[in-house]
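The values are calculated or read from the model by the stated rules, or taken from the named source; none is laboratory data. Keep in mind it's a predicted model, so treat the numbers as computed, not measured. Neighbour counts run over all protein chains shown; Cβ positions are idealised from the backbone, glycine included.
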Amino acid sequence: MASAPPASPDTDSEVQEAARRIGRSRAWWTYLVASGLVAVAYYLIPAAGLVPRWAAKIGLYNGLALSAVVAILIGVIRYRPERPLAWYLFAVGLLSYVIADIIFYTYQDILHRDVFPSLADVFYLAAYPFLMAGLLRLIRHRSPGADQTSLLDALVVTVGVGVVSWVYLIVPFARAPGLTLLERLVSMAYPIMDVLLLATAVRLLVDRGPRPPAFRVLLIGVGALLVTDTLYSIIQLGGGYHTGSPIDVGWMTWYACWGAAALHPTMRALADPAPPREVRLTRLRLGLLAGASLLAPVIQGVQLVRGHEQQAPVIVAASMVLFVLVLARLHGLAEEVATLAGIRKRLLERAVQVREEERIRLAAELHDGPIQQLAGVAYTADLSRRRVARGDLTGARELLASLEDDIRGEVAALRRVMTELRPPALDEWGLAAALADYGAQFQQRTGITCTVETSLPVRLIRTQETVLYRVAQEALTNVAKHARARHAQVSLQADQGRVTLQVRDDGAGFTTRSAGSLGEQLGRDHFGLASMRQQIEMAGGTWQVRSRPRRGTTITAILPIGGDEPLPQRLPFAAPWRGRAGH
Amino acid sequence: MRSPEPVAQPSGPRVLLVDDEPRFRAQLREVLTDYGIVVVAEAGTGHQAVELAGRLRPDVVLMDLRMPEMDGITATRLLAEALPSCPVIIISAYDDPALTEEARRAGAYSYLVKGCPARLIADVIEKAAAEEGWHG
């Protein structure tokens, strides 16, 4: 059954390969550590009097910011993401920020001139649209089509935080004494830009797309930028910011995170389209939405208690918007519940149908095979008896020999039926052995080369073994029926408390969107896909199909290892010796 | 000690054997021949059965139920209309009263279950060749 593995059909595997190949150097980690050292040096060197603070600012601080731009460009060249525009936009945004910083600190620390607004503000504010455009590009690629749920969630958070920003930053800047109109407008523009950037970042955070390490590091960077910007605005309202302030570490965190994200091998997968799946209302998400929804009335209460000026019209308007958004979300949930009920009904119907089809198939198999053959055997036995009675021992011996062959053949046929119903290898030797057996049978039956690679040092609980076996069976059935593939590859790996089953082929493939959500799969009669997914999700795991036209299909099922169920028991009969080592 | 069973000369009723399983047909033909039944032809589908029966005019047709192209019930119905004097004996793996009734309504002479003694099959064939009507 040895064969060449199929051509890599999906980005995941390429990214994993890249991670294996390049991850050894841990460029991203080295970059993060180096950035941390630069940040420490930024505070220690001027404190020790070795260089003036402005020199540290320009040399170390801006050097770090510039290094993030370079890291992004290196990341794009090294990992060649399919959609690099987002990263270029990030680089331009960061560069704009660096230029603004250099102008600002040149005015403040070298020329000792307090110019506001200045050319620095033009570059600072110009950075935001590039950063937002980059994030929006990622969102667009990761969540193709409408993702109304994530959009509503992002809007709820944005409106809630927007009210806070309005009351505590935007209005105070608008009413700050001694400012010209231009100074007011520019001062207000910063928190407004931060709210817009937050909206984009939250939309990215709550989407359905993949969340590899590069994604997380990138979002930590955005978080650091937003928090630091907010602190800066508060400091500015209170009295003034000075070079070397502790909050500088926030911006340095942003630079370091974005540079590290670009240097992480998984940066390639950031813009990959998300597989269609329902957005789940997790506790974390619910808490986030509840907190954001309550921000407006809480602020009203705080203002009332502290006797501060009320921002009633804005808070009332924001509360109304939040109310409408929450209602829209509720409506979406109600629709989702109705859809799930429909899916459940169709799956139950399908389960009954499949069971009956299976019984019909089994009955037909028994009719055409064992019953027919054993009836024939009975007639041959009758004939043998008559020959013996006549003294025709030679004729009888011939018939008995053919009877022996017939009976052996029927025992083998009945064993095949039994194996199809419940493979003994699954109970006796476990999932790895059962998959190896099935792969060999599949190759023999279909002519499609099938490789089975397993690395599973422990036995799984019976339910998990059964579910994964049936999913592999269903996936290979799909390969035989639809893929027009030459090779199929089944892999079973255990890692970090999870077991991953992957079935890949090098066949015709399809557009992943045509697979659709669970409901869409059922609607399009993709019962095989729906059934696999349902089984895995009911067992507490995740299921994913990735496919592209002419680039094959990969089905991945992941289950957490373990459970309360005892390990599989051996069948109550002695199994034949199979000579398997290690099972 | 049992008395030796005589070799019956194949001079009994002429039978058309219809079953889609060649191996089963061969086994049944051999044993029936030993009981003195003459198997004049074999067919693998209902279509072939109707065509051969019209041409060879056997005394009895021994018919399976589940076959490709045309099932045994349909073929029996056609034969009952076209050759009412040729009794059809159903021999099936199914032991089901509903199927037995359906076979009777289609005009079959009798319904036997595969695996029943060869002697019984031979007796029913001889009886069918000698008379007409349902013998369930």
One residue from A:372, A:353 being within 53 Å of the chain's Cα centre (by Cα), within 13 Å of chain B (Cβ to nearest Cβ) and free of Cβ contacts under 8 Å to residues at least 60 places away in the same chain:
A:372
Across the stretch A:206-219, which residue is farthest from residue A:161 (Cα to Cα) among those that are buried (at least 17 other Cβ atoms within 10 Å of the Cβ) and either free of Cβ contacts under 8 Å to residues at least 40 places away in the same chain or of a type in the set (Asp, Glu) (or both)?
A:207
Every listed condition ((1) surrounded by fewer than 20 Cβ atoms within 10 Å (Cβ to Cβ); (2) hydroxyl-bearing (Ser, Thr, Tyr); (3) under 14 Å from residue B:118 (Cα atoms); (4) touching a residue at least 24 places away in the same chain (Cβ under 8 Å)) holds for residue B:35 save (1)
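Being modelled with pLDDT under 85 and surrounded by 14 or more Cβ atoms within 10 Å (Cβ to Cβ), is that true of even one residue in the stretch A:492-508?
So far as the stretch A:492-508 goes, no, none of its residues is modelled with pLDDT under 85 and surrounded by 14 or more Cβ atoms within 10 Å (Cβ to Cβ).
Listed here are the residues, each with its yes/no results for (1) under 20 Å from residue A:233 (Cα atoms); (2) assigned by TED's automatic domain parsing to the domain that holds residue A:53; (3) surrounded by fewer than 20 Cβ atoms within 10 Å (Cβ to Cβ).
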{"position": "A:94", "(1), (2), (3)": "yes, yes, no"}
{"position": "A:106", "(1), (2), (3)": "no, yes, yes"}
{"position": "A:111", "(1), (2), (3)": "no, yes, yes"}
{"position": "A:118", "(1), (2), (3)": "yes, yes, yes"}
{"position": "A:131", "(1), (2), (3)": "yes, yes, no"}
{"position": "A:141", "(1), (2), (3)": "no, yes, yes"}
Residue A:284 meets each of (1) modelled with pLDDT under 85; (2) under 30 Å from residue A:140 (Cα atoms); (3) assigned to a helix (DSSP H, G or I); (4) in contact with a helix residue (DSSP H, G or I) (Cβ under 6 Å, 6 or more places away or on another chain) with one exception, condition (4)
Which count do you get for residues in the stretch A:468-488 that are in contact (Cβ under 8 Å) with a residue 60 or more places away in the chain, assigned to a helix (DSSP H, G or I) and in contact with a Leu (Cβ under 7 Å, 6 or more places away or on another chain)?
2
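Give A:471, A:452 a once-over and let me know the one that is at pLDDT 90 or above, under 29 Å from residue A:349 (Cβ atoms) and outside the structural domain of residue A:339 (by TED's automatic domain parsing).
Numbers: A:452 fails: under 29 Å from residue A:349 (Cβ atoms).
That would be A:471, the only listed residue that is at pLDDT 90 or above, under 29 Å from residue A:349 (Cβ atoms) and outside the structural domain of residue A:339 (by TED's automatic domain parsing).
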So the check is Cβ under 9 Å with 6+ separation or different chains; which pairs have a first residue in the stretch A:382-397 that's facing chain B (nearest Cβ under 9 Å) and a second one that's part of a helix (DSSP H, G or I) and among the β-branched types (Val, Ile, Thr)?
A:382/B:31; A:383/B:31; A:386/B:31; A:387/A:394
Neighbours by Cβ (under 8 Å, 6+ apart or cross-chain): first from the stretch B:55-66, closer than 10 Å to residue B:87 by Cα; second surrounded by fewer than 24 Cβ atoms within 10 Å (Cβ to Cβ) and basic (Lys, Arg):
B:58/B:14; B:59/B:14; B:60/B:14
Given (1) buried (at least 19 other Cβ atoms within 10 Å of the Cβ); (2) without any contact (Cβ under 8 Å) to a residue 40 or more places away in the chain, residue A:174 misses just (1)
Name, by its number, the condition in (1) within 30 Å of residue A:478 (Cβ to Cβ); (2) out of contact with any Phe, Trp or Tyr (no Cβ under 7 Å at 6 or more places or on another chain) that does not hold for residue A:434.
(2)
Among the residues in the stretch A:212-228, are any hydroxyl-bearing (Ser, Thr, Tyr) and not in a helix (DSSP H, G or I)?
no
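Taking the conditions exactly as written (farther than 19 Å from residue A:29 by Cα, among the aliphatic types (A, V, I, L, M) and touching a residue at least 12 places away in the same chain (Cβ under 8 Å)), does residue A:270 satisfy them or not? Full working, then the answer.
Values: farther than 19 Å from residue A:29 by Cα: no; among the aliphatic types (A, V, I, L, M): yes; touching a residue at least 12 places away in the same chain (Cβ under 8 Å): yes.
Considered against the rule, which asks whether it is farther than 19 Å from residue A:29 by Cα, among the aliphatic types (A, V, I, L, M) and touching a residue at least 12 places away in the same chain (Cβ under 8 Å), residue A:270 comes out as no.
Are any residues in the stretch A:133-167 basic (Lys, Arg) and in contact (Cβ under 8 Å) with a residue 12 or more places away in the chain, and if so, which ones?
Selection gives A:137, A:142.
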Which of the residues spanning the stretch B:1-20 are at the interface with chain A (Cβ under 9 Å from one of its Cβ atoms), surrounded by 10 or more Cβ atoms within 10 Å (Cβ to Cβ) and at pLDDT below 85?
B:4, B:5, B:6, B:7
